[in-house]
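The values are calculated or read from the model by the stated rules, or taken from the named source; none is laboratory data. Every value quoted in this text rests on a predicted model; they were computed, and no experiment measured them. Quick reminder, even Gly has a Cβ in these numbers, built from the backbone with ideal geometry, and neighbours come from all protein chains shown.
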Amino acid sequence: MSEFTIRYTVDGEFDDVVDATVDALGEEGFGVLCDIDVQATLKEKLDADFRQYRILGACNPPLAHEALREELELGALLPCNVVVYERDDGSVGVSAVDPGVMLSVVDNPQLDPVADEVADRLSAAVERLPGATRAPASGDD
């Protein structure tokens, strides 16, 4: 299976990591358009227990605008999701969609520079988090 995320493990309490992630994304020009609390949603809708898990829909307006001018239907792949989740060992993981992988389905080389810049900015945001270390491509999630 192809890897589709940029994965990190970070230090801190879950809610603090969520707040720090939103702040770090802001420093890289991303706004968070939506914040989905998966744990609360699954409890409410299915009465199912699940680990702490939040999906942050991040958007960098100038880069999104540039990409949409090139490929109008690209909106179906936006925003860029960043997930903050409790790992099996109790640590906190932060993963961002890999824009290069995501945009590879479009097959438009004109989008490659945008994908590279988005990937650099997402990585820079997460690497700012306390104790951020790149997590292995597969394993405990």
Practice task
For the stretch 84-95, indicate whether the set of residues that are touching a Gly at 6+ places or on another chain (Cβ under 8 Å), assigned to a strand (DSSP E or B) and not hydrophobic (A, V, I, L, M, F, W, C) is non-empty.
Solution key: yes
Practice task
Evaluate the following for LEU72: is it loosely packed, with under 13 Cβ neighbours inside 10 Å, hydrophobic (A, V, I, L, M, F, W, C) and either modelled with pLDDT under 95 or farther than 26 Å from THR133 by Cα (or both)?
Solution key: yes
Exercise for the section: Taking only the stretch 53-69 into account, find how many residues are exposed (fewer than 15 other Cβ atoms within 10 Å of the Cβ) and closer than 17 Å to ALA24 by Cα. Expected result: 1
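Can we say LEU103 is part of a helix (DSSP H, G or I) and without any contact (Cβ under 8 Å) to a residue 12 or more places away in the chain?
In short, no.
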Practice task
Can you confirm whether the stretch 29-45 contains a residue that is of a type outside the set (Phe, Trp, Tyr) and crowded, with 20+ Cβ neighbours inside 10 Å?
Solution key: no
Problem - Hits in the stretch 106-140 - residues which are outside any loop (DSSP other than H, G, I, E, B), in contact (Cβ under 8 Å) with a residue 12 or more places away in the chain and farther than 28 Å from ASP89 by Cβ - result: GLN110, LEU111, ASP112, VAL114, ALA115, ASP116, GLU117, VAL118, ARG121
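Is there a residue being at pLDDT below 95, farther than 30 Å from ASP11 by Cα and out of contact with any strand residue (DSSP E or B) (no Cβ under 9 Å at 6 or more places or on another chain) anywhere in the stretch 97-104?
Yes: the stretch 97-104 contains one or more residues that are at pLDDT below 95, farther than 30 Å from ASP11 by Cα and out of contact with any strand residue (DSSP E or B) (no Cβ under 9 Å at 6 or more places or on another chain).
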Practice task
Output the number of residues of the stretch 101-116 satisfying the condition of being surrounded by 15 or more Cβ atoms within 10 Å (Cβ to Cβ) and more than 20 Å from LEU72 (Cβ to Cβ).
Solution key: 1
